[in-house]
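Taking it in order: structure first as structure tokens, then the write-up.
The values are calculated or read from the model by the stated rules, or taken from the named source; none is laboratory data. All values derive from a computational prediction rather than experimental measurement. So basically every Cβ, Gly included, is an ideal-geometry build from the backbone, and we count neighbours across all protein chains shown. Side chains are part of the model used for accessible areas, which takes the heavy atoms of the whole protein and leaves out ligands, DNA and RNA. Shrake-Rupley method; radii C 1.70, N 1.55, O 1.52, S 1.80 Å.
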Amino acid sequence: MVKEKFAQIYTRASERKGGDDELESLLSVPLSAQEIKTIPDDRWLAAFSQKVFQCGISWKVVRSKWPNFEEVFFQFNIEKMLLMPTDMWERKATDPAIIRHLTKVMTIPANAQMIHEAALEYGSFAAMVADWPESDIIGLWRYMKKNGKRLGGNTGPYTLRVMGKDTFLLTQDMESYLRNTGVIDGGRDTQKSLLATQQAFNDWQQETGRPLSQISQIISFSCGDNRI
């Protein structure tokens, strides 16, 4: 049960951010399904890999090294990733041009396999993502967590947001808001909590007609420590 009308949330966020125009300028606009379908699958692998490496490592450092990752891993070409033997992955994980972390490097072939299998079924990984209904975005999260490697938690959802797929994010501010309003009362990542969160966002989307990403951002801007 959603405890608060979205108009109240919006008003509070607007006041915290300096007015409606300022608030609106901060909101992201997701891509259309057709735009998402044009994204090559190697770009999805690159995006997942970058987010995996950013976990626990300075994002700035990862970004500065990323051109080297692109070169070392053949621009994340899916076919090439799947053909590389284990010993070659181990050698690449020691390359000083990248961030040397074998466990994270080994997520690349695992996630390449996930993308490849989705492409066999849907035509491309991008097509699967594009056609996945936002009303069950947690189902897409579950797919990535189950079939990929290190894509649970916020890693998979953050990557979706970066790539233009409409999704909410369970940030600290969001989790706090959901708990304080009684939407969830158990573990954040339990099926019960995820289903309750999805239903709350579906209700807010019906109420406002806004993308999930904007609803998510507005809620975060309405609470927590992100006041301007």
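Brief remarks on what is shown
- The residue that is surrounded by the most Cβ atoms within 10 Å (Cβ to Cβ), counting only those in segment 21-40 that are more than 11 Å from residue 165 (Cβ to Cβ) and without any contact (Cβ under 8 Å) to a residue 60 or more places away in the chain, is 24.
- The condition of being free of Cβ contacts under 8 Å to residues at least 12 places away in the same chain and open to solvent by less than 40 Å² (accessible area, probe 1.4 Å) does not hold for residue 156.
- Segment 114-145 - residue that is over 15 Å from the mean Cα position of the chain (by Cα) and closer than 24 Å to residue 56 by Cβ and, of those, surrounded by the fewest Cβ atoms within 10 Å (Cβ to Cβ): 114
- Restricting the first member to segment 116-142 and to residues that are under 17 Å from residue 159 (Cα atoms), and the second to residues that are β-branched (Val, Ile, Thr) and not in a loop (DSSP other than H, G, I, E, B), the beta-carbon pairs closer than 8 Å and six or more apart or on different chains are 125/115; 126/36; 129/36; 130/36; 138/197; 140/129.
- On inspection, residue 99 qualifies as in a loop (DSSP other than H, G, I, E, B), hydrophobic (A, V, I, L, M, F, W, C) and either modelled with pLDDT of 95 or more or open to solvent by 70 Å² or more (accessible area, probe 1.4 Å) (or both).
- No other residue among 53, 76, 6, 48 is over 30 Å from residue 178 (Cα atoms) and either of a type in the set (A, V, I, L, M) or touching a residue at least 24 places away in the same chain (Cβ under 8 Å) (or both) apart from 76.
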